[in-house]
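A.B. asks: Mind having a look at this structure? Questions to follow.
Laboratory data are not the source of any read-out in this text; all were calculated from the coordinates shown. Everything numeric here is computed off the predicted structure, so don't read it as measured data. Cβ: placed from backbone, ideal geometry, glycine included. Neighbour counts: every protein chain shown.
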Amino acid sequence: MSVTTAFETIDLTPHIGSEVRIERDQLLSGEHAAAIRALLVQRGALVVRGVHLSDEELRTVSRTLGNLRIGGQKRASDGKVLSEGDGGVLKVSLDPEVNPDYARFLPGNFLWHMDGTYEEVPPFATLFMPFRLSREGGDTMFASTYAAFEDLPPAEQKRLEGLRAVHTMQAALFPAMRQCTPEEFAVWSSYPQRSHPLVWQHKSGRKSLVLSTSAAWIEGMHPAESHNLLQDLMRHATQEKYTYRHQWHVGDLAIWDNTGAMHRAMPYEANSVREFHRCTLNGEEPISAAA
Ligand code: OGA
Ligand code: MN
């Protein structure tokens with residue numbers, strides 16, 4: 001029988017973000033995976049400092065926490081894998097040489113967002129690890145959409161629970177790339193747009209705001225009123241008290257709960273060597289409206 005010691009946690013702000021102090025081997029073994037998952041959902045973002053994981057180890061940790069997404073994989077009709085895609089580790093960089101398919105979507109990361117809002121079931125979580133840092137800037141911020149909802153007056157909560165927002169790739173990217181070409185805009189427009197409830201009633205019973213720069217308009221609302229509501233909610237949800245800002249060191253691992261937090265990259269130089277490696281865990285529940 002092996003003896004396990006529980007890991008230690010330190011809250012980084014009252015509403016969001018905890019540092020997890022855990023031995024590398026214990027993290028990799030998955031023996032505390034259930035507790036780490038629970039903490040992730042409770043705290044929105046977790047940080048493990050100085051673990052220095054390889055890509056393979058990042059995949060291993062990811063698989064202990066959920067269902068690892070393999071991006072860009074192509075399969076034949078019989079299910080046979082034709083091309084391996086990213087092997088589960090996506091390289092996040094502005095440098096097209098590092099990741100030609102992804103770099104052109106990257107500027108949207110500078111704005112507050114949830115990942116994959118154009119999917120029916122957005123990703124559950126992301127594991128994020130710096131490979132090379134920018135010279136300046138490049139912190140990552142996280143905002144709790146649970147805390148932002150829970151602090152609203154009950155009447156406002158009730159009103160929001162009856163609303164839905166349409167999320168589009170154009171809304172996610174245009175504010176960050178106003179100089180885009182018509183061709184770029186056309187590529188964004190080719191992505192499906194997706195209507196989601198504005199308030200997510202999670203299976204756990206908790207509720208969060210479903211907010212992201214990708215939220216283009218509120219269904220059935222006058223455009224000006226819709227614009228104002230989305231702006232007001234974004235301002236509310238990203239107040240400092242709901243956020244945690246992580247200053248990176250090589251060797252860190254951060255994990256965010258994409259279902260209960262927004263995130264954004266802080267500015268860094270356009271020709272930066274900044275490169276992160278990320279694993280995405282597939283979503284496990286669709287965004288359900290409150291009953
Ligand atoms: C992402 C993202 C933020 C960052 O990879 O989805 O938003 O700090 N990254 O690079
Ligand atoms: Mn993102």
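A.B. asks: Answer rounded, prolate or oblate for segment 23-95, using the Cα gyration tensor with square roots of eigenvalues a ≥ b ≥ c: rounded when a/c is under 1.5, else prolate when a/b is larger than b/c, else oblate.
C.D. replies: In terms of gyration-tensor shape, prolate.
A.B. asks: For segment 184-198 and segment 99-166, compute the distance between their C-alpha centroids and round to whole Å.
C.D. replies: 16
A.B. asks: Which percent, to the nearest 5, of DSSP beta bridges fully inside segment 1-136 are antiparallel? Intermediate values should be presented prior to the final figure.
C.D. replies: On the way: 6 of 8 bridges.
Counting only bridges with both partners in segment 1-136, antiparallel ones make up about 75 percent.
A.B. asks: Given a 10 angstrom Cα cut-off, can you work out which residue in Q157, Q201, Q179 is the most mobile in a GNM of the chain?
C.D. replies: Checking each option, the largest mean-square fluctuation is seen for Q179.
A.B. asks: Check the straight Cα-Cα distances from K158 and name the lysines below 19 Å, setting aside those fewer than 8 residues away within the same chain.
C.D. replies: Within reach: K203, K207.
A.B. asks: Something else now. As I understand it, the dipole of the chain uses +1 on the Cβ of Lys and Arg and -1 on the Cβ of Asp and Glu, about the Cα centre. Which of V89, L65, G283 lies farthest toward its positive end?
C.D. replies: Of the listed residues, the answer is G283.
A.B. asks: Can you classify segment 184-291 as rounded, prolate or oblate using the Cα gyration tensor, where a ≥ b ≥ c are the square roots of its eigenvalues, rounded means a/c under 1.5, and otherwise it's prolate if a/b beats b/c and oblate if not? Write down the numbers at each step before the final one.
C.D. replies: Values: a/c = 1.62, a/b = 1.35, b/c = 1.20.
Judged from the Cα gyration tensor, segment 184-291 comes out prolate (a/c at least 1.5, a/b above b/c).
A.B. asks: Given H placed 1.01 Å from N in the peptide plane, which residues other than close sequence neighbours of E275 have an amide H under 5 Å from its amide H?
C.D. replies: F131, R132, L133
A.B. asks: Follow-up. How big is the dipole moment of the chain about its Cα centre under a simple scheme where the beta carbon of each Lys and Arg is +1, that of each Asp and Glu is -1, and everything else is neutral? Debye, nearest 20, please. The partial results should precede the final answer.
C.D. replies: Working: 29 positive and 36 negative charges, 56 e Å.
The dipole magnitude comes to about 280 debye.
A.B. asks: Oh, and also: Please identify, among V61, V41, V81, the residue showing maximal mean-square fluctuation in a Gaussian network model of the chain using a 10 angstrom Cα cutoff.
C.D. replies: V81
A.B. asks: If you don't mind, another one. Going by the alpha-carbon gyration tensor, a ≥ b ≥ c the square roots of its eigenvalues, is segment 115-257 rounded (a/c under 1.5) or, if a/c is not under 1.5, prolate (a/b greater than b/c) versus oblate? Could the numbers behind the result be given before it?
C.D. replies: On the way: a/c = 1.77, a/b = 1.16, b/c = 1.52.
Oblate shape, in that a/c is at least 1.5 and b/c is the bigger or equal ratio.
A.B. asks: Are there any GluC sites (Glu not before Pro) in segment 189-291 that are in a DSSP loop and have at most 16 other Cβ atoms within 10 Å? List them by number.
C.D. replies: Values: sites: E219, E225, E240, E269, E275, E284; in loops: E219, E269, E284.
In loop regions of segment 189-291 (DSSP not H, G, I, E or B), the sparsely surrounded GluC sites (Glu not before Pro) are E219, E269, E284.
A.B. asks: Which residue fluctuates most in the GNM of the chain (Cα springs below 10 Å): T243, T213, T64?
C.D. replies: T64
A.B. asks: Explain nothing, just compute: Karplus ³J(HN,Hα) = 6.51 cos²θ - 1.76 cosθ + 1.60, θ = phi - 60°, for every residue of segment 202-212 in order, whole Hz, x for Gly and Pro.
C.D. replies: 6, 4, 5, x, 6, 10, 9, 6, 9, 10, 5
A.B. asks: Across segment 172-181, in residue order, what do the Karplus-derived ³J(HN,Hα) couplings come to in whole Hz, using 6.51 cos²θ - 1.76 cosθ + 1.60 with θ = phi - 60° and x for Gly and Pro?
C.D. replies: Karplus values, whole Hz, x for Gly and Pro: 5, 9, 4, x, 8, 9, 5, 8, 5, 8.
A.B. asks: How many nm separate the modelled label positions at Q231 and E23, each set 7 Å beyond the Cα in the direction of the Cβ?
C.D. replies: Taking the two extended label points, one gets 5.5 nm.
A.B. asks: Between R63 and E120, with labels modelled 7 Å along Cα→Cβ, what's the label distance in nm to one decimal, could you check?
C.D. replies: Once both label points are built, they end up 2.8 nm from each other.
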